[in-house]
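Participant: Take this structure, written in structure tokens, and hold onto it; I'll ask about it next.
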Amino acid sequence: MPKTSFIGSLHKNVFAGFVVSLIALPLGLSLAIASGMPPSAGIVSAIVGGVVVALFGGSHVTIAGPGYSLVVVILTAITTLAGEDYYQGYLLTLSAIVLAGVIMFVLGLLRMGGLAAFFPSSAIEGMMAAIGLSLIAKQFHVMLGVDASKKGALELLAEIPAQVADFIALASQDSGVLITGSLGLISLFILFFNSSIRNSFYQRIPAPMWVLLIAIALSYYYEFAGFENPIPKTALISLPNTIEELVVFPDFNFTWPIVSVALTIAFVGSIESLLSIKAVDKLDVFRRRSNASKDLRALGLATSVSGLFGGLNVVTVISRSSVSVTQGATNRSSNFFHGAFLVLFVLVFSQTLNRIPLSALAAILVYTGYKLAHPLKFVSAYKIGFEQLLIFCVTLIATLSTNIVLGVLVGALSTLVSHFIITRDPLLFFLNVFKPNVLAFKEPEEDTYFVSVKHSCTFLNFYKLQKKLDAIGYTKKVVLDFSLCRFVDHTAMEGVESYVHYYEKKGGLVEVVGLDTLGATSTHPFAVRKVGQNPLSRVLTRRQKQLGEMAQEYGWSFSAGAQQLTASLGSFVFFAARSLNKSYNKLVDAEQRRVIFDVEYSEGEFIAKEDVKCTVMSLQLNGEIPAFTLSREGLLERLYALAGYQDIQVPNHKEFNKRFHLSGPNEEKILRLFNDQLVLFLESNAVYHIEACENRLLVFKNERLLSPSEIKAMAYFGRELVSLIECSFTS
Amino acid sequence: MSVRPNSTSPVLFKKVLFGFAFSPNLENNLHEVFRVCRFLDAELTLLHVGGCTEKKKAALSTLLDQIPDAQVVSEVLWKEGDPFQTIYDQCDILNIDLLMIGAQRHEGLFRFYIGSVARKLTRRVNCSVLLLTNASRERVACKHVVVNGVLSDYTAEAINAAFFVGQRLGARQLTIVEEIAPNKVQVAVDDDRSLVKSLRKKHQLELREDERVRSIVSAVPESYKEGLSFRTQPIFGKRGYSIGHYAEISRADLLVLNAEKHTSIFKRIITRDIEFILSDLPCELLIIRPKKERNA
């Protein structure tokens, strides 16, 4: 999509901002009420988030406003910080929000934009599900318009059947309860089946706004029909009537309980925002990369400002951002306009808003909670691996029974324990945790970056790999090698996958090699991988799948599993000094003349033994040719040199002689083979090491595993090489 | 088995000390030490700390009898006392240029285990140190030498020595690695704009480093460079550690590092370059620390 000027795309952003504000209004009201704050707090937070983050942020198409992750934290803070005096508790919580903003700002200054990468993804998922369940727990009875008797999230969840029974009993006597609860249930119904209503007019307005419109319409209906509104005043929201009521000032009194609330808000708010920013970056049509640290600073500033005006904390919100993008937002101005439209709504419709029943708003949150704790989340965690489901559940229960921060820490700890159990090697982590295990360099004479990861790649050290991949630039070609790794966890697999997408979108390429020999704990592509888990062929890696596709495309055959080594390989001098262990990922062309495979061999003996993995190609010729070796670095040639053969100089090809080492026993025959055509072909291609022995050729590039695209190039090189050599030899 | 590749170039290490203990690896280590000394044209002194008994003497002479040629001038010293202090003192007394220590391999826990004495010596002794990991009876050809090119104390000496040793051992390829530390780039990559900035800065750094290394290489005697092709390779990673990682990937046989002057306590605590390499030894390691520091 071509970039247009700011002015040229303004109308799109204004429209996107308008649509988002339609969602932000009901969500802001409901989040504020669920948090125990006046309804205006959510609107204040959305307005401040829109304006401040749009002005100072570092992301492009995100929307900032009140988030759902801290609803329960803030509600608990308000009801406990000042005992029974909830108003004082509210003022103290505001001061905690202001402090949390300062902390987030400092995190941004410390460039903690990658903070979210430090937590295992299953633990984060578990935390989100726990937030969802506690939203349902706290809001379900509000939606039905009945009272709850319990406090804790788990107790409230257990009480839901009783609440339903309560509602049925009360509704038959009291029409107020009936109407309130029915409105809540109808709202929930609309939200659930919103996507299945295929009406273009209906779809113009977001579902949460429909909920509000229906509730307001009902209230007007009663008014115009002359009935008294059956919904009691206490079940309706009440916006402050005067400016003095609207503007409250926090009570700054920093004691430990307040500071700990502030730390929780800063921690959870930052993680929620950073995850959202990453996710929204994937949606951006211009494929820009957000400056997460800068955004974190802006969010911190917005949170402080919002707290000063009596609002909720500000985070980046994923659902509103994605709506903004689908409505055509191209830059931060959509965030700004979403705030501006909210100001307009409040000024124009403030009296109308007072007609909204709490039950309809609660339905919005119950639905949000349901989406966060969707039953399929358990299934997908299980699909990645049983241990991921355990981590997910442990985090979920720990979060529900203690608090969010502790819950995530328990999740991280259980992930670590699961790694110990899976690898049966805790020392692998303890000894290497502080070692810089990632190396990146540009390969000589090529445009490929080679990134090698050693020991293990887990949530503890993924940020190191992340830094390297960020610094290379998404337009480059990267070969990411895990062959020195003994263990790769789910968080790292998922993270690598998202980098594959980032690079792909920007025109670069990340190709992962070296995972093929690591077994997986399940068939899921992001499953934990470790040395010596399963038979090789059971769970194919992305590379193996790509090789399989390549085989299909070219009419070759591909087999992934470990194979018997052909005896003919041993006749090559290269393998004479090395002991072959096994070969796998074998590609054979239709005529069975070109065979490409990964081979694992050992160099050195006994204490100096070193296992090397490398991709090689073996070529079958129609006739016998003189034995020779050709390489750039004298890698092969030395082996012959030991046997007494010298460099062979091809006459009239100075450049070739300078770049290549050619040697072999029969100089005369070799020179006859290396005619001008062959020399030119070799000069104009990437450098391969070639060894000839009787009627076979052994070809390899670097002594490492090759990525699928490199293998394709090698296959092509092999075809040309065979035809040139045969042509030269027969003539 | 093979002839010494070249012996015309001036000798860099005249006197070599090998401190040994009676370990199962001693036989291989002795073969290697004698072979290296022959290639380097160096005088060898064998030092055992821990008292001399007839049994030990007999064991050593059995081993020495197996070593094919006795071209290397050698003597055996038997000392008693604290192993570290004794070897440390002997290096000074005998005016040693190169101390050789054998590293043992432990499967599983560490790849190579370096004893606490060896570790301490590596850090403190006043001469260059060669840590043997690849010792074997038969010669395993040394093909690829990797040397650190980062601007630091004794970098020029290290490159010079790498050329000398590489050529004497018959290596074909020498790679000078320039580790470009992230803090030198001074631009944190946050978004696309800072990425472009950091790439530009990195490119500048690469050019500058390359220029510097080439000027060092041009000062290396021509006779050291014969038969060796060299290239430079910028890598991005943690200083002092990533070079080990690189040596492992590029299948180096010898890694040459420069020692650092320990000027202050603070720096000694912070600088863990060599510690990193020692904890994950990829191949034979030569640490260059010129003798002149001892006189100063």
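The values are calculated or read from the model by the stated rules, or taken from the named source; none is laboratory data. Just so it is clear, the structure is predicted and the values come from calculations on it, not from any experiment. Positions of Cβ are generated from backbone atoms using ideal geometry, with glycine treated the same way; all protein chains shown enter the neighbour counts.
Participant: If a residue counts only when it is modelled with pLDDT of 80 or more and buried (at least 16 other Cβ atoms within 10 Å of the Cβ), which helices (runs of 4 or more DSSP H) contained entirely in the stretch B:210-296 have at least 1 such residues?
Facilitator: Where helices (runs of 4 or more DSSP H) fall fully within the stretch B:210-296 and carry at least 1 residues being modelled with pLDDT of 80 or more and buried (at least 16 other Cβ atoms within 10 Å of the Cβ), they are B:242-249.
Participant: OK, next. Please pick out the residue among A:LEU465, A:LEU460, A:LEU469 that is within 30 Å of A:ASN291 (Cβ to Cβ), more than 9 Å from chain B (Cβ to nearest Cβ), in a loop (DSSP other than H, G, I, E, B) and among the aliphatic types (A, V, I, L, M).
Facilitator: Of A:LEU465, A:LEU460, A:LEU469, the one residue that is within 30 Å of A:ASN291 (Cβ to Cβ), more than 9 Å from chain B (Cβ to nearest Cβ), in a loop (DSSP other than H, G, I, E, B) and among the aliphatic types (A, V, I, L, M) is A:LEU460.
Participant: Suppose the filter is in a helix (DSSP H, G or I), crowded, with 20+ Cβ neighbours inside 10 Å and of a type outside the set (Asp, Glu); does A:VAL164 pass it?
Facilitator: When the stated conditions are applied, A:VAL164 does not pass them.
Participant: Considering only the stretch A:615-647, how many residues are at pLDDT 70 or above and surrounded by 20 or more Cβ atoms within 10 Å (Cβ to Cβ)?
Facilitator: 11
Participant: Moving to a separate point now. So for the stretch A:58-66 (the condition being in contact with a helix residue (DSSP H, G or I) (Cβ under 6 Å, 6 or more places away or on another chain) and under 20 Å from A:VAL366 (Cα atoms)), does at least one residue qualify?
Facilitator: Taking every residue of the stretch A:58-66 in turn, at least one turns out to be in contact with a helix residue (DSSP H, G or I) (Cβ under 6 Å, 6 or more places away or on another chain) and under 20 Å from A:VAL366 (Cα atoms).
Participant: Residues in the stretch B:15-47 that are acidic (Asp, Glu) and over 20 Å from B:LEU254 (Cα atoms): how many?
Facilitator: 2
Participant: I need the full set of residues from the stretch A:418-452 which are basic (Lys, Arg) and either within 11 Å of another protein chain (Cβ to nearest Cβ) or not in a loop (DSSP other than H, G, I, E, B) (or both), in order please.
Facilitator: Of everything in the stretch A:418-452, those that are basic (Lys, Arg) and either within 11 Å of another protein chain (Cβ to nearest Cβ) or not in a loop (DSSP other than H, G, I, E, B) (or both) turn out to be A:LYS435, A:LYS442.
Participant: OK, next. Condition check: at pLDDT below 90, surrounded by 24 or more Cβ atoms within 10 Å (Cβ to Cβ) and touching a His at 6+ places or on another chain (Cβ under 7 Å). Does A:SER40 satisfy that?
Facilitator: The answer is no for A:SER40.
Participant: Report yes if some residue within the stretch A:501-508 is within 16 Å of A:ASP447 (Cα to Cα), touching a residue at least 12 places away in the same chain (Cβ under 8 Å), among the aromatic types (Phe, Trp, Tyr) and within 12 Å of chain B (Cβ to nearest Cβ); otherwise report no.
Facilitator: Among the residues of the stretch A:501-508, not one is within 16 Å of A:ASP447 (Cα to Cα), touching a residue at least 12 places away in the same chain (Cβ under 8 Å), among the aromatic types (Phe, Trp, Tyr) and within 12 Å of chain B (Cβ to nearest Cβ), which makes the answer no.
Participant: Would you pick out the residues in the stretch B:208-238 that are within 14 Å of another protein chain (Cβ to nearest Cβ) and in contact with a Gly (Cβ under 6 Å, 6 or more places away or on another chain)?
Facilitator: B:LEU228 - this is the single residue of the stretch B:208-238 that is within 14 Å of another protein chain (Cβ to nearest Cβ) and in contact with a Gly (Cβ under 6 Å, 6 or more places away or on another chain).
Participant: Cβ-Cβ below 8 Å, separation at least six or inter-chain, first residue in the stretch A:333-358 and closer than 24 Å to A:LEU218 by Cβ, second modelled with pLDDT of 90 or more: which pairs?
Facilitator: Qualifying pairs under 8 Å: A:LEU342/A:ALA46; A:LEU342/A:ILE47; A:LEU342/A:GLY50.
Participant: Considering only residues of the stretch A:417-437 that are crowded, with 17+ Cβ neighbours inside 10 Å and modelled with pLDDT of 85 or more, which is nearest to A:MET127 (Cα to Cα)?
Facilitator: Only one residue tops the list, namely A:SER418.
Participant: If we scan the stretch A:270-286, do we find a residue that is within 14 Å of another protein chain (Cβ to nearest Cβ), on the phi > 0 side of the Ramachandran plot and in a loop (DSSP other than H, G, I, E, B)?
Facilitator: No.
Participant: Quick check on this structure: which one of A:VAL722, A:VAL650, A:VAL699 is assigned to a helix (DSSP H, G or I) and touching a strand residue (DSSP E or B) at 6+ places or on another chain (Cβ under 8 Å)?
Facilitator: On inspection, the qualifying residue turns out to be A:VAL722.
Participant: Exactly one of these conditions fails for A:SER663: (1) in contact with a helix residue (DSSP H, G or I) (Cβ under 7 Å, 6 or more places away or on another chain); (2) away from chain B (no Cβ under 14 Å). Give me its number.
Facilitator: With respect to (1) in contact with a helix residue (DSSP H, G or I) (Cβ under 7 Å, 6 or more places away or on another chain); (2) away from chain B (no Cβ under 14 Å), A:SER663 is out only on (2).
Quick grid of which residues meet (1) out of contact with any Gly (no Cβ under 8 Å at 6 or more places or on another chain); (2) outside any helix (DSSP H, G or I):
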| site | (1), (2) |
| --- | --- |
| A:HIS338 | no, no |
| A:THR352 | yes, no |
| A:ARG355 | yes, yes |
| A:VAL379 | yes, no |
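Participant: Please determine, by comparing only the residues of the stretch A:291-316 that are among the small types (Gly, Ala, Ser) and away from chain B (no Cβ under 14 Å), which one is farthest from A:ASP470 (Cα to Cα).
Facilitator: Filtering the stretch A:291-316 for residues that are among the small types (Gly, Ala, Ser) and away from chain B (no Cβ under 14 Å), the one farthest from A:ASP470 (Cα to Cα) comes out as A:GLY310.
Participant: Also, I was wondering about something else. Just the residues that are under 13 Å from A:LYS530 (Cβ atoms), touching a residue at least 60 places away in the same chain (Cβ under 8 Å) and either within 14 Å of chain B (Cβ to nearest Cβ) or in contact with a Lys or Arg (Cβ under 7 Å, 6 or more places away or on another chain) (or both), please, taken from the stretch A:476-494.
Facilitator: Passing the criteria: A:ARG486, A:PHE487.
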